[in-house]
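Working notes, beginning with the structure itself.
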Amino acid sequence: MWKSLSLRASYETYVRDISIVFLLLLPLTICNAMSVFVGHFLNFSDFPEIAKKFFYFSDLLIGIYPTALSVITTYYLSTKHNVSPMVVVPYALVMFIAVSLSNGLVAPHTGLPNNPLVALLTAIISAGCCVSFRLYPLDPSRIDFVSSLYKQVAHFFGFLLLTLLLTKLTGEVIESSKLVQQDMVLNPLTVSGGLSYQLVLGLLGAVGINGHNFLFTAKQQLFADTQQNLAAWQAGDAPLNILGQGFYDAFMSIGGSGNSLALLICILLFSKDRRHTTLALSAIPLVMFNINELLLFGLPIIFNPTLIVPFVLVPLASFIVVYSAMYLGLVHPVSTIVDWMTPPFVSGYLATNNSVGGVILQMVVIGMGVMIYRPFYLNYSSSARGDTRSIFRKHELEQSTLKSFVGDVSQAMRGYISKHDVSRRVSKMLSSGEFVMFYQPQVHLKNSSHLAFESLVRYKDEEGRLMPPVFIQDFMQLGAIKQLDRMVIELVLADMNKLPLEAGCKVGVNVSAETIADPSIVRFISRRLESYQVSPGALEIEITEEAILENHEQISANIDALQALGVTVAIDDFGSGYASFPHLLKYNFDKVKLDRSLLLNTHEERGQNLYQLLAKISEVTGCALVAEGIETSEEKAFVEQCGIDICQGYYFAKPMPLEEAVSWASGIASK
Ligand code: C2E
Ligand code: MG
Ligand code: MG
């Protein structure tokens, strides 16, 4: 069950991803089709020189297509997985170009890499490598710039080795695929070979692989043989073959592979699903140039067990009908190789020596295609619509609309943009303004001469405006929170010498999850204590509950080591999250800080009972207790009545800059 669910989920992810990538490339494809169209029009209107320019554009776009596919796939995958494309795209290009050049997978005229399958594969591998190592764009203003640089250089070197391996592997695959092709004896110039050729094209297309690329050698041979036959026929040396490149282009892929125009008409005529109709309407301009990606990936046809059958069947049936019509002399055999992007009917006319018979034959083929597609499409569409309780069906249907693709793309972009914003904000904070520490007193009710503060970080911008620690999330997201924590520890230790430590003053420092689980943090703290000449007993480390959900052994070892140094350790925000009590048993805290949210419920009896119960923790665990967030005299009275001695909150004092904290401390001392 789980296996099939995850298989289904991967299938849906694949279909969605590949559809989005091809949709992002559509402008290129459409411009290519338009260039061919305008080129033909100009040729027809006797402007061959200008026509050449448009054919040149078309060649250029076809040449650049696999590289653009590599870049767009990489861009899409990296934004989807929250890694910057600025990092991943160079990786993908290196791998794509290296694998293609070493294995001769290049276009003959331009020398550009020409295999879309290799483009997809290398993009996926590169994105996978960068995602798993979470590589961020290098930013000289970041504290970890140098270490990131080394990390990326090491990673890139490893990646080059992987590229070497993939180059070798691709070479092997090409060799064995040549053998497979030889074994298949695909000779599209014979009836049986042609039917097999068409069957293989259909099956490959049904799993999202462009068969024309896979069967490149057979296709090249077909093109050369066809041209030879046409030349011989024109010279009067040989009869015109029925089977040839033009036969397949003009009659086997009307509207794109699988004679997709038939499916499009079928949807427009019989669909009761508004979303499918919208999709078909949006696909018309493309299908008219034999580009069927929108249907192929949008409906989808690929990996769709119901629609794959007619997708493979229709060209086979068309083959038999067209071949029979030409064999019986009803229609002139194909005498011109018309560009594959030439619109249906125009192609039928031009291919068959400018005969209307070719157009009628295309119409017959399309009509037959509609009849074959119809039962399969209706079955697919009714099962998709009927089973609306099934979340997957519904999901699948929703995935199939253009709107949802566009939604996915823009969501992916938003993720990238927000990450980019975070990185910009943090870089700005690190390069301008400064971080300063504020101190909030912890008041001992029974012994007012006892001094303790909690340090709280603030950011002061260039104009002196203060910002509360809302930026901590940004640092976390960028993986820079450990650097921030270490900087805070330095700032606090530097400040501490101005506080009356000799009078027993203690200062608490908040640290994040990553820092307390860091194996080198204890050594860092002990060294910094030494260099600032601060007694370990004056320092307290506050750990929030969510911080200690993972990596228990290391955290436990760090807490013990800190305590062995003489540093005390507090659990912060106790009661605000879950799993509070197990943590108390697992780790040896010196102090428990009860979260303000617990206090907010004490206007009710149940809340009061809970607070009173928690106040007994110190009796059981021996930890000191702090009531956080005391704002009113009633709250103070309540916690006092619960037996809690240490309080922190606006009622006593707000967090204040060091100078004020120093005078607060001297005020307490003079009392
Ligand atoms: P926290 O450690 O629980 O800190 C107490 C927070 O409660 C502080 O907010 C403080 O200003 C606020 N507070 C104190 N008394 C009252 C009160 O009576 N009423 C109310 N409503 N709030 C009160 P602040 O400074 O905005 O800090 C928020 C959180 O950010 C801290 O919660 C802590 O988890 C984190 N943080 C602050 N400074 C640092 C730091 O230097 N490093 C790290 N890693 N985290 C920090
Ligand atoms: Mg705290
Ligand atoms: Mg707290």
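Note on His603 and Arg134: their simple-model spin labels are 4.1 nm apart, each label 7 Å out from Cα toward Cβ.
With all protein chains present, how much of the accessible area of the chain (probe radius 1.4 Å) comes from carbon and sulfur, to the nearest whole percent? Whole-percent figure for carbon plus sulfur exposure: 63.
For the chain, the longest principal axis of the C-alpha atoms and the axis of helix 605-614 are separated by about 80°.
Highest mean packing first, where packing is the average number of other Cβ atoms within 10 Å per residue, the peptides 437-450, 219-232, 310-323 line up as 310-323, 437-450, 219-232. Taking the Cα of Gln477, stepping 7 Å toward and past its beta carbon, and measuring to each backbone N in region 496-519: which are under 20 Å? Once the point is set 7 Å along Cα→Cβ of Gln477, 512-515 turn out to lie under 20 Å by backbone N, inside region 496-519.
The simple spin-label model puts a point 7 Å past each Cα toward its Cβ; for Ile124 and Leu162 those points are separated by 1.4 nm. For the pair Arg523 and Ser427, label points projected 7 Å from Cα toward Cβ lie 3.2 nm apart.
With all protein chains kept in place, the per residue accessible area of region 19-59 amounts to 59 square angstrom at a probe of 1.4 angstrom.
Quick check: residue separation of Gln563 and Leu328 times 0.36 nm, minus the Cα distance between them. What number comes out in nm? Mind dumping the intermediate values first?
On the way: separation 235, 0.36 × 235 = 84.60 nm, distance 9.61 nm.
Length gained between Gln563 and Leu328: 75.0 nm.
Between the amide H of Ser257 and those of Asn292, distances stay under 5 Å, these residues lying 5 or more places away or on another chain, with hydrogens modeled in the peptide plane.
When the charge dipole of the chain is built from unit charges on Cβ atoms (+1 for Lys and Arg, -1 for Asp and Glu) and taken about the Cα centre, the candidate among Pro113, Gln563, Ile630 whose Cα reaches farthest toward its positive end is Pro113.
Tally the DSSP beta bridges in region 432-665 and give the antiparallel ones as a percent, rounded to 5.
Numbers: 14 of 37 bridges.
Here the antiparallel bridges make up roughly 40 percent for region 432-665.
Per the Debye calculation on the chain with a single equal scatterer at every Cα and no solvent contribution, log₁₀ I(q)/I(0) for q = 0.06 Å⁻¹ amounts to -0.54.
For region 432-665, the solvent-accessible area works out to 46 Å² per residue, with a probe of 1.4 Å and every protein chain left in place. Nearest 5 is fine: what % of DSSP beta bridges in the chain come out antiparallel, could you say? That works out to approximately 40 percent antiparallel.
To the nearest ten degrees, helix 305-327 and the longest principal axis of the Cα atoms of the chain are 20 degrees apart. Full extension of the chain between Leu268 and Val191 gives 24.4 nm of extra length, using 0.36 nm per residue less the Cα-Cα distance. Peptides 455-466, 244-255 ranked from most to least packed by the mean count of surrounding Cβ atoms within 10 Å: 244-255, 455-466. Straightening the chain between Glu175 and Ala494 buys 108.1 nm, computed as 0.36 nm per residue apart minus the Cα-Cα spacing. Any chance you could give the angle, 0 to 90 degrees and rounded to 10, that helix 521-532 forms with the longest Cα principal axis of the chain? In the chain, helix 521-532 runs at an angle near 50 degrees to the longest axis.
If only the Cβ of Lys and Arg carry +1 and only the Cβ of Asp and Glu carry -1, the dipole of the chain around its Cα centre is close to 1360 debye. By a 1.4 Å probe calculation restricted to protein chains, Arg134 has an accessible surface near 90 Å², given to the nearest 10.
The values are calculated or read from the model by the stated rules, or taken from the named source; none is laboratory data. Just so you know, these numbers come straight off a predicted model, no measurement behind them. Positions of Cβ are backbone-derived with ideal geometry, glycine not excepted, and every protein chain shown enters the neighbour counts. Surface accessibility is based on the protein's heavy atoms, side chains included, excluding ligands, DNA and RNA. Shrake-Rupley method; radii C 1.70, N 1.55, O 1.52, S 1.80 Å.
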